[in-house]
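Below is one structure, written out as structure tokens; comments come after it.
The values are calculated or read from the model by the stated rules, or taken from the named source; none is laboratory data. This structure is a prediction, so every number in the text was calculated from the model and none was measured. Every residue, glycine as well, gets a Cβ built from its backbone with ideal geometry; the counts of neighbours run over all protein chains shown. SASA here: full protein model, heavy atoms, side chains in, ligands and nucleic acids out. Shrake-Rupley method; radii C 1.70, N 1.55, O 1.52, S 1.80 Å.
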Amino acid sequence: MVLAFAAYPGVYALLVNSGLSAEVVALLPRIETLVVVLFFALFAMSFDFISGYTGYLSFGHAAFYGTGAYLVALAANGKIPLLGPETPFMLLLVLAGVAAAALALAIGSVSFRLSGVYFAMITLGFSQVLYVFVRDWDFVSSAPRDGVAVTGTFEGFRIGVPGVDGLSVAIGQLTGDSIEGLFGFINLSPTEVSFYAIGAVVLVCYLAMQRLVHSPFGRTLIAIRENEERARAIGYNTYAYKLGAFVVSGFFAGIAGALFVGFRRSVTPESGFYFLVAGDALLVSIIGGFGTLAGPLYGELFDATVREFLSKVGGGGGLLPYLRANVGDATLATEIYNGLTVAEAIDTFLNGHAALYVGLLFVLFVLYVPNGLLGTARDRMGGTLAKAVPRRLRRWFDG
């Protein structure tokens, strides 16, 4: 999967310049979309780390995402003591994670005294309190309801070795670095540079969470998910393990929020602290595979691709512009039923209805693919893909 993501920008560029350019632009997600997929997938993975491996649904997980996002934006604007626009972004990433982890410790120490739906509701309550507070807090900006934009610096946030320009790159669509002549023939746009830089951070965070999942700590979390009473009966302090997992998940959610602001350079209460942000993480976790850690990445990729395919109303790709450009005028003017033409049907049933179709797909996933994309693939392959695919390839070559 890492190799597929790494090769995607080059393959996409080749296909766009081929004879299938119209179909490619309509069907495949843009590089900018994949950047969003990466940092939101990291947030969804952090959600899955606590909810998928302990069974405790954190409906207020957006609080940690928003904390990381606002910390970077405020620090870049010089509104946090000892931190300013000159603070290395790599340091801000760590501080965003630490701040979110500290908040998770405070919220979790209270919330884990409850279980089931009561835990989900109290975390949701904490998140909504923070959402209302930030929305009305004049300190963040002159119009806090509209969010905060990075105005303290016009330079892009740099990912890499702090202070060494040759070993770091700036991210962002307008402020990011471009690379020309890499290895003598590779040229990368600012969006593509951001894609690889953010992807490297997400990969490191994923590997860290994966290591924790396969450690004795992670095995204990799974035991708690399967039967918390039995885990407690054999001597485990389940409260401490759940709280530890909550803090870890908060840390990586904070980093995801920091990457969001690093690329977008702005954040609003709705895009940071609102409970539907956690709802989106839940949706992509279920689509990708709950309790798989990597599944949310597949779920977010699927969700973003479907939304982009169905929601485009202007140029740049999607089903609607493709039909308008490639279906003949005579066909578009053809009447289907009771005065409804093909063009009107396309606008009526496609334009702006991406969320409707994603919702229908979500229902179908819950009914017919309850283990999600990755979970179902693992079931079919008889184990994790990293182990099952090489084993099957060996059998195929030996046979």
(request) May I ask you to list pairs of residues, at least six apart or on different chains, whose Cβ atoms are under 6 Å apart, with the first in the stretch 310-322 being closer than 22 Å to Ala13 by Cβ and the second being at pLDDT below 70 and crowded, with 17+ Cβ neighbours inside 10 Å? (result) Gly318/Lys312; Pro321/Lys312
(request) Output the number of the condition that Pro9 fails; it satisfies all remaining conditions of (1) open to solvent by 30 Å² or more (accessible area, probe 1.4 Å); (2) more than 18 Å from the chain's Cα centre (by Cα). (result) (1)
(request) Of all residues in the stretch 222-253, count the ones that are closer than 14 Å to Phe49 by Cβ, open to solvent by less than 50 Å² (accessible area, probe 1.4 Å) and either hydrophobic (A, V, I, L, M, F, W, C) or free of Cβ contacts under 8 Å to residues at least 40 places away in the same chain (or both). (result) 10
(request) Kindly indicate the residue of the stretch 73-115 that is over 30 Å from Leu57 (Cβ atoms) and polar (S, T, N, Q) and also least open to solvent (accessible area, probe 1.4 Å) among those meeting that condition. (result) Thr87
(request) Would you mind stating whether Thr175 is assigned to a loop (DSSP other than H, G, I, E, B), of a type outside the set (D, E, K, R), touching a helix residue (DSSP H, G or I) at 6+ places or on another chain (Cβ under 9 Å) and touching a residue at least 40 places away in the same chain (Cβ under 8 Å)? (result) yes
(message) If I filter the stretch 335-356 down to residues being closer than 15 Å to Gly318 by Cβ and open to solvent by 40 Å² or more (accessible area, probe 1.4 Å), which single residue comes out as nearest to the chain's Cα centre (by Cα)?
(response) Ala355
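The rows are residues; the columns are (1) open to solvent by 30 Å² or more (accessible area, probe 1.4 Å); (2) on the phi > 0 side of the Ramachandran plot; (3) of a type in the set (A, V, I, L, M, F, W, C); (4) outside any helix (DSSP H, G or I).
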site: Val117; (1), (2), (3), (4): yes, no, yes, no
site: Trp137; (1), (2), (3), (4): yes, no, yes, yes
site: Thr151; (1), (2), (3), (4): yes, no, no, yes
site: Pro162; (1), (2), (3), (4): yes, no, no, yes
site: Gly199; (1), (2), (3), (4): no, no, no, no
site: Met209; (1), (2), (3), (4): no, no, yes, no
site: Thr220; (1), (2), (3), (4): no, no, no, no
(request) Please indicate, with yes or no, whether at least one residue in the stretch 44-60 is closer than 28 Å to Leu320 by Cα, of a type in the set (Phe, Trp, Tyr) and in a helix (DSSP H, G or I). (result) no
(request) Can you tell me which residue within the stretch 63-120, out of those that are polar (S, T, N, Q) and more than 20 Å from the chain's Cα centre (by Cα), is modelled with the lowest pLDDT? (result) Ser115
(message) Just to be sure before I move on: is Asn17 touching a strand residue (DSSP E or B) at 6+ places or on another chain (Cβ under 8 Å) and open to solvent by 30 Å² or more (accessible area, probe 1.4 Å) in the structure I sent?
(response) no
